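Working notes, beginning with the structure itself.
The values are calculated or read from the model by the stated rules, or taken from the named source; none is laboratory data. If you're wondering where the values come from, they're calculated on a predicted model, not measured in any experiment. For neighbour counting, all protein chains shown are included, and Cβ atoms are generated from backbone atoms with ideal geometry for every residue, glycine included.
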Ligand SMILES: [Zn+2]
């Protein structure tokens, strides 16, 4: 129970870089042929060359993805369809503007639906990517659309650039999910400004230009790439694999790539300020912490010359030390006192057990409590020794205080601060024995 409480207190803010839909087009399916509906309704932009204007905008949106020059994916225009289209898994990749079935809710600019086949295209980082079989895109007729040229000229009052939204939707077509979802703490500027950010601002054309997160995401699907694995991994192959160690410890990391022969160098950023420049590298973690590793691999190939691919594992390293235990207490009322836990919880996942041991004035163990900050009522007045033991994978830390329990009305606070004990000594033993008894009691 105390474990569940702790997790809810300690879970750090999560964040992610590019995400994939785990649907991907395979080389045999290239170029991906797209067709466009000729049903032009009045929310669409108008301008010179009206006959092919919408088609030209769509083509530009596809072209925008090809700044990712190391990613090998192609599409081609397959013709105009003279009918009003909706999402249909018919093997034709269609683009439509009227939402005839009314499938898009208000506020939705456009949507892409890509169907996977049952075939596995590849497995990357333990995730199964299926071969895409059909992809349809529908833009909402409830939205006022604008030309990129007009938006850039400042001729815009609340409209959305069709090109910008189409560029985002085609990211989904190719297999990218959002860099940040609605409501996520999107605490990385690059992800917040990505074309694949979950929403698009009115009167903005920024989504026409991919940023490095978008390029990394599509390159991971269609270009040379490399990832890595490290020693000390818990649950290797799972999505939430972490590397765990008790400080100080050395992590050994190896590059993994289907393009291994192209790799010419690497730079590792270990998350604690340290860097390395070997392709396979070691690093010693000396301080407790939750660390993210980024590595940028350099390579060269015939298609795009020099390439660089950066790969992040967020919160990948959990380096635990023995918990640094501190507590204070506060009088509540009568002989009831609140025990206030000031143990350092800045490193996620390094605390799994908590126990307060209360020793009566005669020295006998009066109570053991497994809770983060319990309120405790002493039996009688007197001087009680209170020991807080906090355990985790790196070991157990402890602190103690003497509480002079006085029966009085609940006004004013009495308290002082306990600092960590120099060594575990007998307190560690008390802790372990106490726990063993608890477990037998079930
Ligand atoms: Zn989207």
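So the values come out like this:
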{"read-out": "Out of 316, 348, 285, 309, sole residue that is closer than 30 Å to residue 255 by Cα, assigned by TED's automatic domain parsing to the domain that holds residue 257 and touching a helix residue (DSSP H, G or I) at 6+ places or on another chain (Cβ under 8 Å)", "value": "309"}
{"read-out": "Test: residue in the range 218-232 that is out of contact with any helix residue (DSSP H, G or I) (no Cβ under 7 Å at 6 or more places or on another chain), in the same structural domain as residue 22 (by TED's automatic domain parsing) and within 16 Å of the ligand (Cβ to nearest atom)", "value": "no"}
{"read-out": "Positions within the range 141-168 being closer than 27 Å to residue 216 by Cα and more than 16 Å from the ligand (Cβ to nearest atom), in sequence order", "value": "148, 152"}
{"read-out": "Residues located in the range 178-189, provided they are touching a residue at least 40 places away in the same chain (Cβ under 8 Å) and either touching a strand residue (DSSP E or B) at 6+ places or on another chain (Cβ under 6 Å) or more than 12 Å from the ligand (Cβ to nearest atom) (or both)", "value": "184, 185, 186, 187, 188"}
{"read-out": "Segments classed as strands (runs of 3 or more DSSP E), wholly inside the range 56-135, with at least 2 members that are within 16 Å of the ligand (Cβ to nearest atom) and either under 19 Å from residue 171 (Cα atoms) or without any contact (Cβ under 8 Å) to a residue 40 or more places away in the chain (or both)", "value": "110-124"}
{"read-out": "Subset of the range 191-200 that is more than 11 Å from the ligand (Cβ to nearest atom) and without any contact (Cβ under 8 Å) to a residue 24 or more places away in the chain - its residue that is farthest from residue 66 (Cα to Cα)", "value": "192"}
{"read-out": "Top-ranked residue of the range 144-154 - restricted to ones that are surrounded by fewer than 22 Cβ atoms within 10 Å (Cβ to Cβ) and touching a residue at least 60 places away in the same chain (Cβ under 8 Å), ranked as farthest from residue 174 (Cα to Cα)", "value": "150"}
{"read-out": "Yes/no for residue 209 being away from the ligand (no atom under 11 Å from the Cβ) and assigned by TED's automatic domain parsing to the domain that holds residue 55", "value": "yes"}
{"read-out": "Test: residue in the range 368-380 that is in contact with a helix residue (DSSP H, G or I) (Cβ under 9 Å, 6 or more places away or on another chain), modelled with pLDDT of 65 or more and farther than 29 Å from residue 287 by Cα", "value": "yes"}
{"read-out": "Residue 171, sole failed condition from (1) in contact (Cβ under 8 Å) with a residue 24 or more places away in the chain; (2) within 16 Å of the ligand (Cβ to nearest atom); (3) out of contact with any helix residue (DSSP H, G or I) (no Cβ under 8 Å at 6 or more places or on another chain)", "value": "(3)"}
{"read-out": "Matching option when the condition is modelled with pLDDT of 95 or more and surrounded by fewer than 23 Cβ atoms within 10 Å (Cβ to Cβ), among 231, 201, 212, 207", "value": "231"}
{"read-out": "Residue satisfying condition, being within 26 Å of the chain's Cα centre (by Cα), buried (at least 16 other Cβ atoms within 10 Å of the Cβ) and part of a strand (DSSP E or B), within set 345, 314", "value": "314"}
{"read-out": "Test: residue in the range 103-124 that is out of contact with any strand residue (DSSP E or B) (no Cβ under 6 Å at 6 or more places or on another chain), under 30 Å from residue 235 (Cα atoms), in the same structural domain as residue 204 (by TED's automatic domain parsing) and buried (at least 17 other Cβ atoms within 10 Å of the Cβ)", "value": "yes"}
